[in-house]
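Enquirer: Before anything else, here's the structure in question.
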Amino acid sequence: MEALAIIVAILASAGGSFAVLKYVFKWVNVNKIPEAEIEAAAKKMMSKKFEESEQELAELREREEKRLKDMRRENTEHEEILIEREKTLNKRSKILDDKSEELETKDGELKEAIKRTEETRTQLKTELEKISGLSREEATEKFKKEIEEDLKGFEAQKIRQAEKNIEAVADEKARHILVDSMQRVATDYVGETTTKSIKVEDEKVKGRIIGKEGRNIRAFEQITGVDVIVDESPTSIGLSSFDPLRREIAFVAMTKLIGDGRIHPGAIEECVRKAKNEISLEIKKNGEILAEEAGWPDIDLGLLKLIGKMKYRTSYGQSLMSHTIEVIRLGEVLAAEVGADVSLVKRAALLHDVGKVLTHKVDLPHHHISGQVARKYLLSDKLVNAIESHHLDIEPTSVEAVLVYLADAISGSRPGARKDSYEQYIQRIEGIENAAKDVAGDKIADVFAIRAGRELRVIVKPIMVSDDEAKVMAKQIAQAIEKTQSYPGNVEVTVIRETRAIEVAR
């Protein structure tokens, strides 16, 4: 049994499992191996195991000794490094101690110097106050006043210089932009009159137009509201009306009647009806042309028809449609030059005079009507202001509004734009100036009507007129012009009261 115990111990130390042990016992019992053999085998196995264990222990001891040796070498190296660092730190500490002592010495010297400086400063201040007869506060206040006076003079000089420079650059830039804009959109224009002529082949056509006892001509004039002139020329018939739309309808209807040859009241009514339908289509077509010019493809149909009627409206002999196209193009160029909203300017230019189409129905200034139309179609406040402020009686609230005003002024004032004779122009300008002279009398030094009579500058004598009186005078002159003069647009009255002091440096 002792031999079996040894075998079990050896197998257990070798990591044998329970199944292996069971198998070994079974094999021993089956084979009836003598205990002496089992014991001998066990001793042999233990001897071999012991030798292997001694060899493993020897290898383990060798490895540990090598590791310890390496650790001792590393520790020795680290100790040497630490010793070297300690020496360096000691040197630096000594240097810092020396510097600290040096700084303490200099600090003491600096404090002593500051103390002596303060004493000297106090002594000098006392002596200065005795010499000047002024205290420190009084001298400071006097010095401040002198500096302020010098700065005011310098500031005023710089401001004047800056204003001159800005004015020169701004005027040059403005002239360049305006001239360039006018050159790029310059158009030829022939103003329409209040009459339109139709050529006829012979006197028989005139006879048919007049009709028996004048019934045809009376019917035509009654239906169209246009005067028919048949006695001015043997080869033409004149149609006269202040309303270009009526005149155009009459022209189309008369052309159809002459071409058909059958002229009687029934035919006249039918031709006028067809003419109105044709003009209605033409109005829509004109509106599309204007909307396309303004880059507004989705414009409301009501607005489209309204602006289409501009072709048949004039202002001082200038075609409203041609004027509107010109203002759109001028506004586009001006807006592009100054970096404004080009689309808004073009749309405001398109609608700025649309109120003139309705002036025969609404008793208001045309630009106010234009603003009401824009509001009716729910356009933006900025666009409405740009439309209705182009005569400056309503304050412009944006750069775009001012650009629309400029484009309208350029279009209206260029040569050939409006049929306004030289004599009439001179009479109107002189009348505006004389109105100011009648109000102010001998208080006026000079009076100038400028910008084609749109602005009146009155220079008064400062001794005879105060600032408050100048404001009252401007109001009185404006009222006198409104009551006594006829003029297009608005007249801005500016009363200038100026006092000058002149000296000569020799």
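The values are calculated or read from the model by the stated rules, or taken from the named source; none is laboratory data. Here the structure is a predicted model, which is why all the values come from computation and not from measurement. We place every Cβ from the backbone using ideal geometry, glycine too, and count neighbours over all the protein chains shown.
Enquirer: What is the number of the single condition among (1) surrounded by 10 or more Cβ atoms within 10 Å (Cβ to Cβ); (2) modelled with pLDDT of 70 or more that residue 184 does not meet?
Expert: Here residue 184 meets the rest and fails (2).
Matching residues to (1) surrounded by fewer than 20 Cβ atoms within 10 Å (Cβ to Cβ); (2) on the phi > 0 side of the Ramachandran plot; (3) touching a residue at least 60 places away in the same chain (Cβ under 8 Å); (4) not in a helix (DSSP H, G or I):
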position: 216; (1), (2), (3), (4): no, no, no, no
position: 229; (1), (2), (3), (4): yes, no, no, yes
position: 237; (1), (2), (3), (4): no, no, no, yes
position: 259; (1), (2), (3), (4): yes, no, no, no
position: 263; (1), (2), (3), (4): no, no, no, yes
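Enquirer: Looking for whichever is of a type outside the set (S, T, N, Q), touching a residue at least 24 places away in the same chain (Cβ under 8 Å) and not in a loop (DSSP other than H, G, I, E, B) here; the options are 269, 292, 288. Which one fits?
Expert: 269
Enquirer: Here is a follow-up. Do the conditions hold for residue 356, that is, is it in contact with a His (Cβ under 8 Å, 6 or more places away or on another chain) and among the basic types (Lys, Arg)?
Expert: Yes.
Enquirer: So which residues in the range 228-253 are more than 52 Å from the chain's Cα centre (by Cα) and charged (D, E, K, R)?
Expert: Selection gives 231, 232.
Enquirer: Here's a follow-up. Touching a residue at least 60 places away in the same chain (Cβ under 8 Å) and either surrounded by fewer than 22 Cβ atoms within 10 Å (Cβ to Cβ) or part of a loop (DSSP other than H, G, I, E, B) (or both): does that describe residue 364?
Expert: no
Enquirer: If you don't mind, there's one more thing I want to ask. Take residue 392 and decide whether it is surrounded by fewer than 16 Cβ atoms within 10 Å (Cβ to Cβ) and not in a helix (DSSP H, G or I).
Expert: no
Enquirer: State which residue is modelled with the lowest pLDDT when the search covers only the range 118-135 and only residues that are surrounded by 11 or more Cβ atoms within 10 Å (Cβ to Cβ) and among the charged types (D, E, K, R).
Expert: Per the criteria, the residue is 129.
Enquirer: Evaluate the range 301-316: report whether one residue or more is among the aliphatic types (A, V, I, L, M) and touching a Pro at 6+ places or on another chain (Cβ under 9 Å).
Expert: No, every residue in the range 301-316 fails to be among the aliphatic types (A, V, I, L, M) and touching a Pro at 6+ places or on another chain (Cβ under 9 Å).
Enquirer: So residue 426 passes all but one of these: (1) touching a strand residue (DSSP E or B) at 6+ places or on another chain (Cβ under 7 Å); (2) modelled with pLDDT under 85; (3) not acidic (Asp, Glu). Which condition number does it fail?
Expert: For residue 426, the failing item is (1).
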